[in-house]
Amino acid sequence: MNLIELAGLEEIFLGLYLIAHGGIHLIFIFNFYDEEKKVYTGWSGRSWLLEKVLSSKVTSYIGKITWVVVAVLFIVSGLGVLDFLVLDDYLPLLIIVSSVFATLAFLVYYNGLSPTPYHWILGVVINLGLLFFLIVFPNDIWFLLPFLVAIWLWGMLFHTKVIPHSSS
């Protein structure tokens, strides 16, 4: 028996997708400079909301912790889908919490996302799609998969062509 026969292709795809989606949030712990394009990518440590009441240093610490928590939530969700962790009773709730927390983080740290915030809107679309399908179709993963594939293809094929590169 191979892995696909044991777990089902849809569980493998969703599990790996959630792990990848979580992993990409780790880019927000840093603010990388792309020498070739002359732009920063990631998170600058800024927050339009938190900077009103906290110092920039505290905002940066809270943000880094937030992005790590978002990444861990999605990665644990993916491992649960792949049956590496026994989370059967809590898995839908964990994915919902992950999606809500990630979307709230995007909103709170919106002005600090580089090179421009809308470059990261795909993540929010994925989060909202996960929420929608888990709430409307909680027992049928097959409805979610075409959406995730379409978002992935759009991101891979068109995202860099549709969204202009920022110049700094």
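When THR41, THR59 are checked against the criterion of being in a strand (DSSP E or B) and among the β-branched types (Val, Ile, Thr), a single residue qualifies: THR41. Just so you know, in the range 82-100 the residues that are over 15 Å from the mean Cα position of the chain (by Cα) and not hydrophobic (A, V, I, L, M, F, W, C) include one that is nearest to ASN127 (Cα to Cα), and it is PRO92. Only one entry of ILE19, ILE12 meets the criterion of being surrounded by 15 or more Cβ atoms within 10 Å (Cβ to Cβ), of a type in the set (A, V, I, L, M), under 25 Å from SER99 (Cβ atoms) and under 13 Å from the mean Cα position of the chain (by Cα), and that entry is ILE19.
What do you reckon, is GLY42 within 20 Å of TRP152 (Cα to Cα) and not polar (S, T, N, Q)? Answer is yes for this residue. The residue that is nearest to the chain's Cα centre (by Cα), among those in the range 39-63 that are more than 13 Å from THR116 (Cβ to Cβ) and among the β-branched types (Val, Ile, Thr), is ILE62. The condition (being under 23 Å from VAL81 (Cα atoms), part of a helix (DSSP H, G or I) and at pLDDT 95 or above) is satisfied by just one residue among LEU14, LEU18: LEU18. Of all residues in the range 29-65, those that are of a type in the set (Val, Ile, Thr), at pLDDT 95 or above and farther than 14 Å from TYR110 by Cα total 4. Looking across the range 101-125 at every residue that is under 11 Å from the mean Cα position of the chain (by Cα) and at pLDDT 95 or above, the one that is surrounded by the most Cβ atoms within 10 Å (Cβ to Cβ) is identified as ALA102.
Checked against the criteria, SER55 does not count as buried (at least 17 other Cβ atoms within 10 Å of the Cβ) and more than 29 Å from ASP83 (Cβ to Cβ).
The values are calculated or read from the model by the stated rules, or taken from the named source; none is laboratory data. Just so we're clear, the structure is a prediction, and the values are computed from it rather than from any experiment. Note that each Cβ is placed from the backbone with ideal geometry, even for glycine, and that neighbours are counted across all protein chains shown.
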